[in-house]
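Asker: There's a structure below that I have some questions on.
Each reported figure results from applying straightforward, stated rules to the coordinates on display, with no laboratory input. Note that the structure is a prediction, hence the values are computed from the model and not measured. Here the Cβ positions follow ideal geometry from the backbone for every residue, glycine too, while neighbour counts run over all protein chains shown.
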Amino acid sequence: MTTATDVSTVYEAPPRTEIGVLGWLKHNLFGSWIDAILTFLSLFILYIVLVPSVRWAVTEANWRAITTNVLILIHGPYPQDQDWRVFTSIAVIVLMGIISLFVYRSSNKKLRQIMTIVWVVSPIPIWYFLAGFAGSSLLPQVEYSKWGGLLLTFVLAIFGIVASFPIGVLLALGRQSNMPIIKWISTLYIEVVRGVPFITVLFMAQVMLPLVLPADVRIPGMFRAMVGTALFSAAYLAENVRGGLQAIPRGQYEAADALGLSTFQQMYFIILPQALRTVIPPLVGQFIGLFKDTSLVAIVGLLDFLKVSQSILSQAGFLGAQKEVYIFDALIYFIFSFAMSAASLRLEKNLGVGQR
Amino acid sequence: MSEEYIIECRGVKKWYGEFQALKGIDFKVKKGEVIVILGPSGSGKSTFIRTINRLEEHQAGEIWVNGIELNNDVRNIAEIRKEIGMVFQQFNLFPHLTVLDNITLAPIWVRKWDKPKAEAKAMELLERVKIPEQANKYPGQLSGGQQQRVAIARALAMEPEIMLFDEPTSALDPEMIKEVLEVMIDLAKTGMTIIAVTHEMGFAKTVADRIVFFDYGLIVEENTPNEFFSNPKHERTKLFLSQILH
């Protein structure tokens, strides 16, 4: 006999068919007759697509188009006798990444803060290391027009992300502001930039900017593309952040006000941490989009990853290698986009501790 | 302004668009007084206590707190808010911060205390509201009653002169109301100046020095709890009491 006191402590085991591999199969693949048919149909389609693809990739494809051009794909026309600087930079960043994996898992708060500072500051020395100094024999100057390939793609994407973030947050706050002028300016900026294609912004940065600036001031095309990317992305980011701001209940503002926090403290400690956390998925989506959109700079004459891979197709030995080159390009873009996506999932999980 | 009163309101009026929520409130509070504000919903009682720390802006009349006038001068507003703690119906804890961080944030950044001092104060207050073991949890991991007690500790951490309670038990399950009321009653006994909007008649009868009855944006009647409950003078008060004390 079961008495009332037992009820809270005694549990029956679930049926065998509900748990483990068997349970998983039953619930996900063979829940009903239709499910079972769909499962076999999917397997069949996978088979007829995958088998020829793999056969092509292994036996027919001419991957030498890629392997002989690895250096060009990585850094474009960056001088080959100087490209140890590119590889050193990559090695340093990879090393930092590996160290981070351990540091951010440790409980040492001081160490984590130092690591974050290293990440924030490191782009500056790396930049100078790659750009070099006029008249230096160890690190001779490499003109910005010689930066290309994945190197250029990453410079544009990283600068675009890092610079558009604070601008976008400020624009979002501006649009929410009680001060009419700030509100109008932010709104106008956001709507105008969102109303034009990215290509237009890039053309404006390339063509219009020199018209406005004095004749003897010449800004390298790469800089103009960097600024264009950041300013364009900022407008979209602002709208994403604004969505997050609207999700914060009024009570949070009131509690912060009642405690006597200043407007800045209220934003910094209470509102933005919560608002940004809720918009991590759309923000990462936007950053992935930005990373891929950098391929548009080819149109204004920059030699980014996609552009240099197209140049392979005009090399005598690889005239018909479109398939190999574009599949490889897609794979590279996919790997980095997927890495960003995976990193953001991790971030969401880490930040989600104790969330209501 | 006289020294005797810690809060003095004269002819406070407030409109939401065309609707007049407060129609001229005259109200004085002495240091250490415990005041309970009663009234039907929509009577303006919540709006009124929210004007005292400028969560709502009054559009006519004067409000003086601790000898400082509450006007558009942001320094005055900041100064007054430092002296007034507030507890909300929905707790309004910061969900992304631990209980301890919720409590220490304002003392560290507004009062400019160092961290050890703020944390010591926070732990002392958590002892007082009887949940020191929850210090490192997040608000979402606590029950409603525990969250509200954290909210009280958070307000007290600023060492305010005055505490405002805006229906602090209305969002709680019945079995949790008692634990919050006990904390409030203890607080009242320490000599804290308290203004509470609440429907808890037990609290009003035990610790209130004065009951203030609001209706239609006006103070209809003000009296000691004894007189108020046993001998209400105004028709509207009688009607209200008959509805809640059936």
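Asker: With 10 Å bins from zero, work out the P(r) of the protein assembly as shown over every alpha carbon pair and list the percent per bin.
Answerer: 3, 12, 18, 18, 16, 14, 11, 7, 3, 1, 0
Asker: Once the principal axes of the Cα atoms of region B:104-246 are found, what is the range along each, listed largest first in whole angstroms?
Answerer: Answer, in whole Å and largest first: 54, 30, 26 Å.
Asker: Under 10 Å, Cα contacts only: if you run a Gaussian network model on chain A, which one of A:Pro249, A:Pro15, A:Pro220 comes out with the highest mean-square fluctuation?
Answerer: Greatest mean-square fluctuation among the candidates belongs to A:Pro15.
Asker: Using amide H atoms built in the peptide plane, which far-off residues or other-chain residues are under 5 Å from A:Leu29 H to H?
Answerer: Answer set, sorted by chain and number: none.
Asker: Would you calculate the separation in nanometres between label points at A:Gln310 and A:Thr187, each defined as 7 Å from the Cα along the Cα-to-beta-carbon direction?
Answerer: 4.0 nm
Asker: Considering just Cα atoms, how many Å³ per residue does the convex hull of region A:217-335 enclose?
Answerer: Value for region A:217-335: 125 Å³ per residue.
Asker: Output wanted: per-residue J couplings in Hz (rounded whole) for region B:213-220, from phi through Karplus 6.51 cos²θ - 1.76 cosθ + 1.60, θ = phi - 60°, x for Gly and Pro.
Answerer: So the J values, rounded to whole Hz, are 9, 9, 7, 6, x, 9, 7, 8.
Asker: Which order do peptides B:17-28, A:268-279 fall in by mean Cβ count within 10 Å, highest first?
Answerer: A:268-279, B:17-28
Asker: I would also like to ask the following. Using label points projected 7 Å from each Cα along Cα→Cβ, tell me how many nm separate A:Ser53 and B:Asp26, to one decimal.
Answerer: 8.3 nm
Asker: Also: Report, to two decimal places, the Cα Rg of region A:114-267 normalised by 2.2 N^0.38 Å (N = number of residues).
Answerer: Dividing the Cα radius of gyration by 2.2 N^0.38 Å gives 1.32.
Asker: A further question on this structure: Can you tell me the mean projection area, over all orientations, of the convex hull of region A:16-60's alpha carbons? Units nm², please.
Answerer: 3.9 nm²
Asker: Given +1 on the Cβ of Lys and Arg, -1 on the Cβ of Asp and Glu, and no further charges, what dipole in debye does the protein assembly as shown carry about its Cα centre, rounded to the nearest 20?
Answerer: 1200 debye
Asker: Once phi is turned into ³J(HN,Hα) by the Karplus curve 6.51 cos²θ - 1.76 cosθ + 1.60 with θ = phi - 60°, what whole-Hz value does each residue of region A:276-287 show in order, with x for glycine and proline?
Answerer: 5, 4, 6, 9, 4, x, x, 5, 5, x, 5, 5
Asker: Exceeding 22 Å between C-alpha atoms, which entries from my cross-link table qualify? They are B:Lys31/B:Lys82; B:Lys82/B:Lys115; A:Lys349/B:Lys115; B:Lys178/B:Lys205; A:Lys146/A:Lys307.
Answerer: Among B:Lys31/B:Lys82; B:Lys82/B:Lys115; A:Lys349/B:Lys115; B:Lys178/B:Lys205; A:Lys146/A:Lys307, the Cα-Cα distance tops 22 Å for A:Lys349/B:Lys115.
Asker: Looking at B:Leu142, A:Pro166, A:Gly149, which one has the Cα that reaches farthest to the positive end of the dipole of the protein assembly as shown (charges on Cβ: Lys, Arg +1; Asp, Glu -1)?
Answerer: A:Gly149
Asker: In peptide A:246-256, what is the residue-averaged number of other protein chain Cβ atoms found within 10 Å of each Cβ?
Answerer: Across the residues of A:246-256, the mean count of other-chain Cβ atoms within 10 Å is 4.
Asker: Counting just the Cα atoms, what span does region B:173-246 cover along each of its three principal axes? Round to the nearest Å and put the largest first.
Answerer: Projected onto its principal axes, the Cα set of region B:173-246 covers 34, 28, 24 Å.
Asker: Same structure, new question: Whose amide H sits under 5 Å from the amide H of B:Ile6, counting only residues 5 or more places off or on another chain, with H placed in the peptide plane?
Answerer: The list, which skips near neighbours in sequence, is B:Val29, B:Lys30, B:Lys31.
Asker: Under the Karplus relation 6.51 cos²θ - 1.76 cosθ + 1.60, θ = phi - 60°, what is the ordered set of whole-Hz ³J(HN,Hα) values for region B:134-142, x standing for Gly and Pro?
Answerer: Listing the rounded values in order: 9, 3, 9, 8, 9, x, x, 8, 9 Hz.
Asker: Counting only DSSP beta bridges with both residues in the protein assembly as shown, what percent are antiparallel, rounded to the nearest 5?
Answerer: Values: 21 of 40 bridges.
Of the beta bridges lying entirely in the protein assembly as shown, close to 50 percent run antiparallel.
Asker: Within 10 Å, count the other beta carbons around each residue, average over each peptide in A:165-173, A:102-110, and list them highest first.
Answerer: A:165-173, A:102-110
Asker: With 10 Å bins from zero, work out the P(r) of region A:275-356 over every alpha carbon pair and list the percent per bin.
Answerer: 16, 35, 25, 15, 7, 2, 0
Asker: Give me the log10 of I(q) over I(0) for region A:111-157 at q = 0.24, 0.34 Å⁻¹, as the Debye formula computes it from C-alpha points; what are the numbers?
Answerer: -0.90, -1.16
Asker: Beyond 22 Å, how much of the Cα-Cα pair distribution for chain B remains, as a whole percent?
Answerer: 54 percent
Asker: Would you mind giving the average projected area, over all directions, of the Cα convex hull of region A:1-100 in nm² with one decimal? Please list the in-between numbers first.
Answerer: Details: hull surface 61.7 nm².
Quarter of the Cα hull surface area: 15.4 nm².
Asker: Still on this structure: Work out the length of the dipole vector of chain A about its Cα centre, built from +1 on the beta-carbon of each Lys and Arg and -1 on the beta-carbon of each Asp and Glu, and round it to the nearest 20 debye.
Answerer: The calculation lands at about 400 debye.
Asker: Using Cα pairs closer than 8 Å and at least 6 residues apart in sequence, work out the relative contact order for chain A, in percent. Don't skip to the end; give the middle numbers.
Answerer: Working: 300 pairs, mean separation 69.8, N = 356.
Worked out over chain A, it gives 20 percent.
Asker: To the nearest whole number, what is the average tally of beta carbon atoms from other chains within 10 Å of the beta carbons of peptide B:86-95? The partial results should precede the final answer.
Answerer: Details: counts 5, 2, 4, 1, 5, 2, 9, 4, 9, 9.
Mean inter-chain Cβ contacts per residue within 10 Å come to 5.
Asker: Ranked highest first by average number of other Cβ atoms within 10 Å, how do B:55-61, A:293-299 line up?
Answerer: The most tightly packed comes first, giving A:293-299, B:55-61.
Asker: Checking a compactness column here: for region A:188-280, what do you get for Rg(Cα) / (2.2 N^0.38 Å), N being the number of residues?
Answerer: Compactness ratio reported: 1.52.
Asker: Which cross-chain or sequence-distant (5 or more) residues have an amide H under 5 Å from the amide H of B:Ile37, H modelled 1.01 Å from N in plane?
Answerer: Amide H neighbours of B:Ile37: B:Ala196, B:Val197, B:Thr198, B:Val212.
Asker: With all pairs of different alpha carbon atoms counted, what Kirkwood hydrodynamic radius in Å does chain A show?
Answerer: 24.9 Å
Asker: Given a cut-off of 26 Å, what percent of all Cα-Cα pairs of region B:1-122 lie beyond it?
Answerer: Summing the P(r) tail past 26 Å for region B:1-122 gives 32 percent.
Asker: Inside 10 Å of the C-beta atoms of B:73-79, what's the mean count of C-beta atoms belonging to other chains?
Answerer: 1
Asker: If I take every Cα pair under 8 Å that is 6 or more residues apart in region B:118-246, average their sequence separation and divide by the length, what percent do I get for the relative contact order? Could you put the intermediate results ahead of the total?
Answerer: Details: 112 pairs, mean separation 22.2, N = 129.
Here the relative contact order equals 17 percent.
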